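Student: Attaching a single structure in C-alpha cells format; questions to follow.
The values are calculated or read from the model by the stated rules, or taken from the named source; none is laboratory data. These figures come from a predicted structure and were not determined experimentally.
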C-alpha cells in the first residue's frame, strides 16, 4: 500500500553480526588456501631443482 512502511521480519543488528561472522570465516578459509598454495609452490620448486 502506498504511504506505508514495509514491516520486514529482519533484525538488522543480527544480520550485520552474521555478515561479520561470515566475512571472518571467509578470511580464515582464504588464509588456509594461501598457506597451502605456498606449501605447494615450495614443494614444486624443491622437486624441480634436481
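Residues are listed down the side, and each one gets a yes or a no for (1) part of a loop (DSSP other than H, G, I, E, B); (2) at pLDDT 95 or above:
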| residue | (1), (2) |
| --- | --- |
| 6 | yes, no |
| 10 | yes, no |
| 22 | no, yes |
| 27 | no, yes |
| 35 | no, yes |
| 40 | no, yes |
| 47 | no, no |
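Student: Here is a follow-up. Taking residue 28 as the residue in question, decide whether it is within 11 Å of the chain's Cα centre (by Cα) and on the phi < 0 side of the Ramachandran plot. Give the derivation first.
Tutor: Details: within 11 Å of the chain's Cα centre (by Cα): yes; on the phi < 0 side of the Ramachandran plot: yes.
When the stated conditions are applied, residue 28 passes them.
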